[in-house]
1. Averaged over all directions, how much area does the convex hull of the C-alpha atoms of segment 189-278 cover when projected, in nm²?
2. Arrange the following residues from fewest to most other Cβ atoms within 10 Å of their Cβ: 99, 334.
3. How large is the direction-averaged shadow of the alpha-carbon convex hull of segment 130-176, in nm²?
4. Check residue 254: other-chain or 5+ apart residues with amide H under 5 Å from its amide H, H built from backbone geometry?
5. Per the Cauchy relation, a quarter of the hull surface: what is the mean projected area of the convex hull of the alpha carbons in segment 42-144, in nm²?
6. Could you calculate, for segment 289-340, the ratio of the Cα radius of gyration to the Kirkwood radius, expressed as Rg to Rh?
7. Springs between alpha-carbon atoms under 10 Å, Gaussian network over the chain: tell me which of 173, 233, 252 tops the mean-square fluctuations.
8. What GluC sites (Glu not before Pro) does segment 180-228 have in DSSP loop regions with at most 10 other beta carbons within 10 Å?
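Since every read-out is calculated from the coordinates, none of them should be taken as a lab result. Here the structure is a predicted model, which means the values were calculated and not measured. Don't worry about glycine lacking a Cβ; one is built from the backbone with ideal geometry, like all the others, and counts go over all protein chains shown.
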Amino acid sequence: MTIYRKKLCGLASFLVVFFLLIATSPSYAADSNVVERARAEGEVVLYTAWGFDTLQLLQKAFAQKYPFIKFNVLRMRSERLLSRTIAEHKQKVFTADVFSGSQLAMLNHKKAGHLQKYLSPEHAAFPNEFKDPDGYWTSFYVDTRVVAFNPRLVSRDQLPKSYGDLLLPQWKGKMAMDESEYIMFGSLLEIMGREKGLAFMRQLARQDLNLRSGHSLLTQLLIAGEFPLYIDGFGSNIEQVKAKNAPIDWIGLEPVIVSLYPLGMAVNAPHPNSARLLVDFLLSREGQEIGKSVAKIPGRSDVVAPFPRLTQGLKLFTVPASVAERYGEIITQFREIFLK
C-alpha cells in the first residue's frame, strides 16, 4: 500500500469515527429529544413583566416555529410576580416554566431558589455582564435609565448636567418619577455611596416630585405637558415615541444606569423541554431581532441596537447584584423617603 493510499485510509477512518461521535453524542441526541418531549408536553408558561407589543410578536413567531406548543403568559409587574411566586412555592405550586422581568426581581428569584441552571446554546453570544455567572439567567434585552424632557417646556441648554443638578431650586415641583423606582434608587446608592446616596434621595424627595405608577403613563403625561422632566425614563421607550414626532427627548446623566431584563428557566418547571425551547428561541438572533423591532436594546453582541445613541459614547453602569442582596432594605428606604 502506497503512502498516499495509507493517508487516504487513515483520513477515511478518522472521518467515520468523527461522524459516529457526532451522531452518538449526548448534545446531538438531546436536540431532537427535547423537541419530541416538548411536543408531548404541548405547553409552556412564561411569567413576565414585558409589554404586550413584545409578547404578541414573540408568541406569534414562537407559534410559527413550534406550532405544537401552546405559549401561555402570566403578565404583571416584576415585583408582583416575585411575590406571587414566593407564595406559590410555599404552597408547593409550580406553574411557571420560564421567568422574565426586571434584573432586581430576577436576582431575587435566583436567591429564593425559583430558578434552575440552564446554559442555552445561545448563551455564548451574550457579554458576561449581561448574564448570571452561575448560569441561572441571561438578559433578553437591556435598557438605559435616562432623564426624559419635553422640548416645548424646557430647552436642552437648561437641562441638568449631573444627578446633583436635579436638586437645584428651579426643578422643584417640575419633575416626575415612578412611585416604585427601586432600581434607580439602589443603583444611585451604589454609585454615590450609601450615606451620600441616602442624603441625595432625601433632598430629591423635598423637590416635590410628581410620583405616578407606570413608566408608560409617565411618558404620556410628559408628552402632554404635565411636567417638563421625567427623571427615570426608559431610553428605548422614549426613542420609540420620539420617532413618531412626539414632543419628547432625553439626556443621560453619567454614569447612565443600565437595567437588565433577564430570563431564566424555572425550578420544577412543569414543561421543562418546552421551557428550554422557549429560552433558546428568545436568546437566538431571531428572538433578539423581534425584541429590536419593538425598540428593545438586544442583549446579544451580534444584533445591532435599534437606537445606537442609547448606549454609544456614554459611561454606563450596569445594576450590580448587591442591589438585589439589599432588595427588602431598598424598598423600605425608598418608601420611607418618597411615600411617607
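1. 9.4
2. Details: 99 29, 334 19.
Least crowded to most crowded, the residues run 334, 99.
3. Orientation-averaged projected area of the Cα hull: 5.4 nm².
4. Under 5 Å from the amide H of residue 254 lies no amide H from a residue far enough along the sequence or on another chain.
5. Directional mean of the projected Cα hull area for segment 42-144 stands at 7.2 nm².
6. A ratio of 1.17.
7. Of 173, 233, 252, the Gaussian network model singles out 173 as fluctuating most.
8. none
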